[in-house]
Structures are given as C-alpha cells and as structure tokens.
C-alpha cells in the first residue's frame with residue numbers, strides 16, 4: 001500500500017499518490033478498509049482508559065495532561081469515526097434462490113456500526129446497527145422493493161413510474177419519493193415509522209384483515225405486532241431520525257431501552273443488576289460521544305454505578321467476547 005508523507009512537499013510525489021488512490025478498485029478499497037479495521041482492533045482501549053485516569057490524578061503540567069486526554073479520546077471515538085470507513089466495508093453478498101435463479105443483493109450493518117448505502121436507483125439509505133436489507137437484482141423495474149430487518153432511514157429517489165416499497169414481516173410501506181425512518185427489529189414487538197418529508201402509505205394487518213394508513217410529514221406511527229393495534233400522532237420526529245447523523249437523543253427513555261441502545265451502538269453487553277434501576281428515565285443528547293463519555297454522563301445524571309468489564313479472548317473459539325457493562329444502584333447517594 002503506497003503511503004503519502006505530509007512532510008514531503010514534492011508535488012510530483014503527491015500527484016503520484018493521488019493517481020494511485022483514484023486507480024484503486026472497489027475490491028482494493030475493501031481490502032484496505034479491512035486492514036485498517038484489523039489495526040484498530042489491536043488498540044488496547046482498557047489500558048488507554050486507565051492511563052487517562054492515572055494522568056488526571058497525577059500532579060504535573062496541565063497542558064501535558066490535556067494532550068494525553070486528547071490522544072486517548074481519539075482512540076475512544078474510533079468506533080464512531082468508523083462509520084465512513086465501514087461504508088467501504090459493509091457486509092454484502094449476492095444470493096440466488098428459486099428455480100428461475102432469482103438473485104438478491106443482501107447488505108448488513110453489524111452491531112456497533114452504522115452504514116450509509118446508495119441503492120442502484122440513487123436512493124440514500126442509512127442502516128442502523130444490527131440491521132440488514134436485501135433487494136432483487138436488477139433493482140430498477142416496475143417497482144423498487146427492499147426487505148428490511150432492523151432500522152433504516154431513507155431518502156428515496158423520486159420515480160413516479162416505479163413505486164418504492166419497504167417490506168418487514170407482514171408490514172409494508174409504499175412511497176414514490178420521500179424521507180422517512182423505519183424501525184422493525186425482529187426481537188422487538190413494535191414496527192415504527194417516522195415521516196420527515198413527502199407521503200407514505202403503511203399497510204398492516206388488523207383483526208386478520210389488510211388495512212392501510214396514510215402518513216403526513218411529522219407523523220410517527222407505531223404498530224404492535226402482537227395485538228395488531230396501531231397508533232399515530234404528529235410530533236417532532238428529530239429524536240427518531242437523529243441516529244442517522246450519529247446523534248443519540250434520549251427523551252424520558254427508560255433504562256431498559258437505554259441498555260438496548262448501548263448494546264447496539266457500541267457492541268457491548270449490558271447487565272442491569274438492580275431491578276429498581278429499570279424505572280430510571282433519561283433525557284439528554286449524545287453527539288459523536290465515545291462509550292466512556294456516555295457512561296460518565298449517565299453516572300452524573302443518576303444514582304448509578306457502571307462497571308466496565310473488558311471482553312476476553314475465548315479459549316475455545318479464539319474470538320473476542322463482548323465487553324460488559326454492569327449497572328448497579330449507587331447506594332451512597
């Protein structure tokens with residue numbers, strides 16, 4: 001891999017480097033992204049965090065301490081900065097099924113990552129952590145159809161001749177060109193839609209019958225998959241779509257839901273050790289915050305202790321287990 005040294009001001013060297021970057025194929029870019037991901041995985045975050053605390057406690061030059069904190073903060077925020085990199089390295093595969101050899105393109109965003117995708121028709125799609133979509137190949141035909149498991153924010157390219165359809169389980173959304181958020185994780189009981197611009201038609205089952213509901217900008221709809229009930233209200237939907245810009249908004253959010261968000265956003269396992277904590281609610285906003293910054297702010301805003309237990313390498317599988325957050329009640333407050 002050719003590298004450019006910023007200390008070398010030779011324009012010929014810079015031109016050669018830029019030409020090399022332009023000539024890279026998509027496959028080469030993925031290999032390069034994979035190499036960077038492997039390098040980042042070798043960073044010892046736990047020792048770095050301990051070093052920060054040690055430096056803060058030490059007496060010394062404040063400028064030196066600030067420099068150390070800045071460097072370590074850069075390490076902690078790498079998972080969020082990886083959003084752009086993962087756009088080059090998103091999990092994808094092509095699957096052929098059926099006697100007619102129908103082909104599907106499947107894209108997934110793993111836990112701890114959020115990805116941006118541009119579909120073949122020009123539609124911009126942001127895929128949240130632990131989510132996946134798939135669509136027919138070729139994609140542009142009489143109707144554009146994707147299947148979603150998880151959460152996605154879409155800015156649909158307008159094409160009056162080809163409706164855009166999002167399917168998730170028994171639910172279906174039909175649009176022509178609009179901006180909206182869909183949340184439908186299979187392990188959750190609700191199917192949620194938040195509409196920013198345009199109009200969408202939601203199709204769902206109610207008492208065994210197929211029904212539909214038209215949404216207008218600012219509408220937020222929740223469909224309960226178990227009892228087949230639906231509710232809709234017009235509100236400020238920013239908190240439902242901000243995640244696509246790496247902003248996490250909590251609005252009277254219960255602890256159990258906060259735990260799920262932390263697990264998906266940062267790829268950790270959260271254990272709520274005290275049942276009383278489940279009644280706590282949080283209202284705040286995190287923008288490009290590292291996991292450790294989020295934990296410190298949560299502890300400051302409520303009487304809780306959070307123990308971070310780093311993941312260890314499994315002796316049987318050789319894989320690194322998830323780090324764990326153990327949340328307990330702070331009885332001293």
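Quick note: the coordinates plus some simple rules give every number you see, no bench work behind them. Model, not experiment: these values are computed from the prediction. Methodologically, a virtual Cβ is constructed for each residue, glycine included, from the backbone with ideal geometry; neighbour enumeration extends over all protein chains shown.
Which three lengths, in whole Å and largest first, does segment 246-329 cover when its Cα atoms are put on their principal axes?
Result, largest extent first: 42, 30, 18 Å.
Could you tell me the calculated FRET efficiency between residue 222 and residue 309, based on Cβ-Cβ distance and R0 = 30 angstrom, to the nearest 0.05? Could the numbers behind the result be given before it?
Numbers: r = 35 Å, r/R0 = 1.16.
Efficiency computed from Cβ-Cβ geometry: 0.30.
Work out how much length residue 331 to residue 231 would gain on full extension: take 0.36 nm times their residue separation and subtract the Cα-Cα distance, in nm to one decimal.
32.1 nm
So, in nm, how far is label residue 246 from label residue 111 when the simple model puts each one 7 Å beyond its Cα toward the Cβ?
Result for the modelled spin labels: 2.2 nm.
Between residue 121 and residue 279, what's the calculated FRET efficiency when r is the beta-carbon distance and R0 is 56 Å? Round to 0.05.
Values: r = 46 Å, r/R0 = 0.82.
With a Förster radius of 56 Å, E is 0.75.
Between residue 192 and residue 302, how many nm apart are label points set 7 Å from Cα along the C-beta direction?
1.6
Using only the Cα atoms of segment 180-251, what semi-axes does the equivalent ellipsoid have when each is the square root of 5 times a gyration tensor eigenvalue? Give whole Å, largest first.
Here the semi-axes work out to 22, 15, 9 Å.
Convex hull over the Cα atoms of segment 91-240, averaged projected area in nm²?
With the hull built on Cα positions only, its mean projection is 9.3 nm².
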